[in-house]
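Some notes on the structure that comes next.
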Amino acid sequence: MVTLLLDTERLEVVLSPIERALAFRRGNIQVERSQIAKVMLTDDAWIWLRGVPSPATTVPSVVAIGTWKSGSGFDFAVIRARRPSVVIDLEGHDDYQRLLVTTRHGLELVRALRLDADTDS
């Protein structure tokens, strides 16, 4: 599974060398926390995947890793099987409008983001 690193300034999606090769990417994805508009938990990230692979590796219902192009822009996905995932909507990111990531730590991510939002008030 993909590794998510969260600090006070950014969220980083850390890709393994195999994930980078399958996604046709050289590096990790970094998102400023201020660019995160919404985070949703889902049991099936496949229903949130929109558009066509551009470039990406996909085996339906098994794996989807890479960039998807749709009429509304670009999404980045690291989806494995039908496992719990997070859908992260972005605003103002240079490359992507949405991240879809299979992770066991989705609830903790949502809690961490909510906690930080509460402390800003």
Carbon and sulfur %, accessible surface of the chain computed with the full protein complex present, 1.4 Å: 52 percent
Segment Gln30-Trp46, extension gain: residue separation times 0.36 nm, minus the distance between their alpha carbons: 3.5 nm
What ³J(HN,Hα) values, in whole Hz, does the Karplus curve 6.51 cos²θ - 1.76 cosθ + 1.60 give for region 80-86 when θ = phi - 60°, with x put for Gly and Pro? 10, 6, 10, 10, x, 9, 10
For the chain, what does -39500 (n - 2.57) per DSSP helix run (n ≥ 4), summed and divided by total residues, give at 222 nm, in deg cm²/dmol to the nearest 500? -5500 deg cm²/dmol
Assign unit charges at the C-beta atoms only (+1 for Lys and Arg, -1 for Asp and Glu), then state the dipole size of region 10-121 relative to its Cα centre in Debye, rounded to the nearest 20. 440 debye
Short version: ³J(HN,Hα) in whole Hz for each residue of region 52-68, in order, from phi by Karplus 6.51 cos²θ - 1.76 cosθ + 1.60 (θ = phi - 60°), x for Gly and Pro, what are they? 10, x, 7, x, 6, 10, 9, 10, x, 6, 10, 8, 9, 9, x, 9, 10
Lys and Arg at +1, Asp and Glu at -1: add these up for the other residues within a Cβ distance under 13 Å of Ser61 and post the number. +2
Rounded to 10°, Cα long-axis angle of helix 106-120 versus longest principal axis of the chain: 30 degrees
Give me the net charge of Phe76's neighbourhood, meaning all other residues with Cβ under 13 Å from the Cβ of Phe76; Lys, Arg count +1, Asp, Glu -1. -1
Could you give the length gained by full extension between Leu5 and Arg111, i.e. 0.36 nm per residue of separation minus their alpha carbon distance, to one decimal place? 36.8 nm
Where a ≥ b ≥ c are root eigenvalues of the Cα gyration tensor, a/c under 1.5 meaning rounded, otherwise prolate if a/b exceeds b/c and oblate otherwise, region 40-121 counts as oblate
What list of ³J(HN,Hα) couplings, whole Hz, do you get for region 35-48 from phi and the Karplus terms 6.51, -1.76, 1.60, once you set θ to phi - 60° and write x for glycine and proline? 8, 7, 8, 7, 10, 10, 8, 8, 8, 9, 5, 4, 6, 8
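The values are calculated or read from the model by the stated rules, or taken from the named source; none is laboratory data. Predicted model only: the values in this text are computed from it and were never measured. Counting neighbours? That spans all protein chains shown, and the Cβs are built from the backbone with ideal geometry, glycine included. These accessible areas exclude ligands, DNA and RNA; they are computed on the full protein's heavy atoms, side chains included. Shrake-Rupley method; radii C 1.70, N 1.55, O 1.52, S 1.80 Å.
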